[in-house]
1. Looking at the stretch B:194-212, which of its residues are in contact with an Asp or Glu (Cβ under 9 Å, 6 or more places away or on another chain) and open to solvent by 10 Å² or more (accessible area, probe 1.4 Å)?
2. Does the stretch B:248-260 include one or more residues that are under 30 Å from A:G85 (Cα atoms) and more than 9 Å from chain A (Cβ to nearest Cβ)?
3. Out of everything in the stretch B:38-68 that is outside any loop (DSSP other than H, G, I, E, B) and not hydrophobic (A, V, I, L, M, F, W, C), what residue ends up being surrounded by the fewest Cβ atoms within 10 Å (Cβ to Cβ)?
4. Count, please, the residues in the stretch A:55-102 that happen to be in a loop (DSSP other than H, G, I, E, B), under 23 Å from the mean Cα position of the chain (by Cα) and within 11 Å of another protein chain (Cβ to nearest Cβ).
5. With the structure loaded, tell me whether A:R262 is of a type in the set (K, R) and open to solvent by 70 Å² or more (accessible area, probe 1.4 Å) or whether it fails that test.
6. Please state which one of B:K257, B:K307, B:K297 is open to solvent by 60 Å² or more (accessible area, probe 1.4 Å), charged (D, E, K, R) and not in a helix (DSSP H, G or I).
7. Six or more apart or on different chains, Cβ atoms under 7 Å: show the pairs whose first residue is in the stretch B:166-190 and farther than 16 Å from B:V55 by Cβ and whose second is basic (K, R).
8. Does the stretch A:193-220 hold any residues that are more than 13 Å from chain B (Cβ to nearest Cβ) and either more than 19 Å from the chain's Cα centre (by Cα) or assigned to a helix (DSSP H, G or I) (or both), and which are they?
Amino acid sequence: MIELVVVSGKGGVGKTTVSASIAFLASSKGYSVVAADADVDAPNLHILLGGELVWEKSLATSEKAYIDRSACERCGKCYEHCAFGSIRKLSGEYVVTPVYCEGCGVCEAVCPANAVKIKLVENGRLRFLRSRFGFPLIAGQLDVGGSGSGKIVSEVKDEARKVACQAEASLVVVDGPPGAGCPAISAISGSSYALLVTEPTRAAKHDLERVLSIVNHFGTPFGVVINRFDIHPEAVSEIALLVENMGGEVLAMMPSDEEVVRATLNRQPVVERSPSSPASEAIKEVFNRVEELLER
Amino acid sequence: MLGYADCYGDPMGGEVFTLSVTGGKGGTGKSTVAVNLAVLFMLDGYRVLLVDCDVCAPNAALLLETTFKEKREVTIFSPRFVASKCSACGVCVNRCRAHALIQPEGKPPLLFPELCKGCKLCMLVCPAGAVEEERRTVGFVKEFSYKGLDIVSGELLPNEKEAGPVMVSVRRRVEKLVESNSYDVVIVDTAPGIHCEVVRALEMTRNALAVTEPTPLGAYDLEIILRLASLLGVRPSVVINKADVGDVNLIRDVCEKMKVDVVAEIPFDVHLFACYAKSVPVVIGCPSSPSARAIVKLYEAVRREVKR
């Protein structure tokens with residue numbers, strides 16, 4: 001089973017566009033696929049693949065401190081010792097701001113009145129969806145105001161692997177989160193291959209470098225897709241050089257393509273709507289590489 | 001029971017006009033809008049501070065030819081176990097909620113730095129005083145300038161997970177600068193998403209813009225960020241970027257449902273890429289381009305909110 005993660009660093013360069021089309025291509029060629037949406041802050045994969053909800057469950061992967069006001073002596077020790085700025089003084093009361101609380105337990109340890117408890121709290125949802133094409137789509141959603149995206153990403157990946165195992169699937173396609181922080185690290189961890197989507201802008205190259213250092217840290221083999229390369233073709237060779245120096249390969253160059261927008265507005269993968277459009281042709285080149293991995 | 005909006009809402013005080021630029025979805029144009037608005041305020045003679053809070057992928061300073069001013073290391077506590085005092089009792093290992101410590105038999109604990117958040121619990125619970133404080137660098141707060149514009153940018157080191165300490169340091173530095181520099185305007189560029197570092201950024205400001213794109217993906221993510229903003233007691237105005245590439249009704253429907261207004265529509269504009277390539281903000285590089293003109297209109301709407 002190959003686990004392919006699609007990341008980028010920079011947001012909005014085409015991860016979901018590419019993931020959806022790769023999953024569709026694999027499925028239409030008869031591979032058993034499981035799709036996973038690891039952008040748990042703002043999951044979008046179900047929009048392009050269709051997602052009929054099969055089951056949903058709440059996730060509690062986050063530990064938070066709670067101060068019992070009736071037992072609190074208002075000594076302020078918790079506030080003094082909190083390393084994350086998550087305890088505030090509000091009208092003489094000490095209050096935990098849940099979203100910033102790391103659940104480290106220091107406040108509980110220093111409280112002389114035993115007024116602080118660390119509790120596991122619900123912070124997200126895990127969903128099993130059935131895509132329009134029949135294959136499973138596992139998605140997560142961080143609760144609005146919740147924290148701990150990284151752990152929710154891990155839950156999504158674990159469930160996807162479990163489902164893939166049970167279904168004897170050969171490919172898991174993970175649509176990754178933007179950024180190069182904890183959720184991206186969780187998404188990349190344990191993958192067989194990382195597909196990095198980028199574009200030829202300074203900001204995207206900078207963020208690509210950050211993600212590349214994570215990919216390299218894990219020793220994950222990787223390939224790069226340069227999306228909308230026509231917006232600045234002069235920068236393409238710079239990216240290609242960077243990729244080569246880091247031990248990867250440029251798999252395809254996707255031009256700007258109106259069909260991508262049309263397909264997105266129509267809530268479908270671009271390779272389904274316009275299989276011979278320039279973007280689709282590029283994604284098919286990427287898929288050739290994925291197929292090589294699958295056939296090994 | 002205190003609601004979120006009671007606990008949060010700690011924007012910088014005084015007469016400073018504070019504005020976050022957020023969106024939920026990545027790549028909608030937050031940094032472009034934040035940077036260009038900051039530049040326009042600066043050109044009009046306002047004292048402006050631009051704060052880049054996308055600490056896992058800071059970009060704002062790349063959109064401009066900035067002059068580097070200084071950087072401060074962001075460090076967190078890291079435990080050093082003193083072998084001569086450590087009795088290998090295992091209390092710290094058992095109590096560590098991050099599971100960052102393991103106990104080899106008869107020896108001091110081993111630390112996994114990438115799991116350690118720097119909370120100091122191990123030091124607090126050690127019965128033998130065998131834990132000493134070391135500092136570990138997890139990121140930087142960098143400062144730049146661009147003509148008359150001051151920029152503060154938080155940056156987490158690659159492969160580090162704990163963005164919180166960097167954001168806390170950014171906030172502290174911004175508060176210090178605001179205190180000593182009488183800024184008129186502070187513009188905060190947030191990260192994509194709705195996680196706690198986005199909350200920390202939004203919390204610095206009283207006003208917010210949510211930048212989106214007119215696609216089903218943009219609409220879906222806009223609703224999520226608007227729900228977060230509402231939880232924080234903030235009502236953003238919505239900016240539709242690449243407005244002519246898609247269906248703006250998708251966004252207008254969400255705005256109506258969430259009771260927020262669309263304050264600007266910025267068209268897709270190839271001039272933006274040419275300006276990116278030269279690290280020149282579009283309002284300076286191509287002021288008569290469609291996107292620049294739309295951003296200026298947005299600026300004029302925002303400026304009306306600024307008391308001066």
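1. B:H195, B:E197, B:E203, B:N207
2. Going residue by residue through the stretch B:248-260, those that are under 30 Å from A:G85 (Cα atoms) are none.
Looking for residues that are under 30 Å from A:G85 (Cα atoms) and more than 9 Å from chain A (Cβ to nearest Cβ), one finds none in the stretch B:248-260, hence no.
3. Here the residue is B:T67.
4. Taking the stretch A:55-102 first, the residues in a loop (DSSP other than H, G, I, E, B) are A:60-61, A:68-76, A:82-86, A:91-92, A:97, A:101-102.
Subsequent filtering for residues that are under 23 Å from the mean Cα position of the chain (by Cα) retains A:60-61, A:101-102.
If we keep only those that are within 11 Å of another protein chain (Cβ to nearest Cβ) too, we end up with A:101-102.
The total comes to 2.
5. Numbers: of a type in the set (K, R): yes; open to solvent by 70 Å² or more (accessible area, probe 1.4 Å): yes.
Judged against the criteria, A:R262 is a match.
6. Numbers: B:K257 fails: not in a helix (DSSP H, G or I); B:K297 fails: not in a helix (DSSP H, G or I).
Going through B:K257, B:K307, B:K297 in turn, just one is open to solvent by 60 Å² or more (accessible area, probe 1.4 Å), charged (D, E, K, R) and not in a helix (DSSP H, G or I): B:K307.
7. Between residues of the stretch B:166-190 that are farther than 16 Å from B:V55 by Cβ and residues that are basic (K, R), the close pairs are B:N181/B:R47; B:S182/B:R47; B:Y183/B:R47; B:D184/B:R47; B:D184/B:R308.
8. none
The values are calculated or read from the model by the stated rules, or taken from the named source; none is laboratory data. Nothing here was measured: the structure is a model prediction, and the numbers come from that model. Don't worry about glycine lacking a Cβ; one is built from the backbone with ideal geometry, like all the others, and counts go over all protein chains shown. Calculation scope for accessible area: heavy atoms of the full protein, side chains included, ligands and nucleic acids excluded. Shrake-Rupley method; radii C 1.70, N 1.55, O 1.52, S 1.80 Å.
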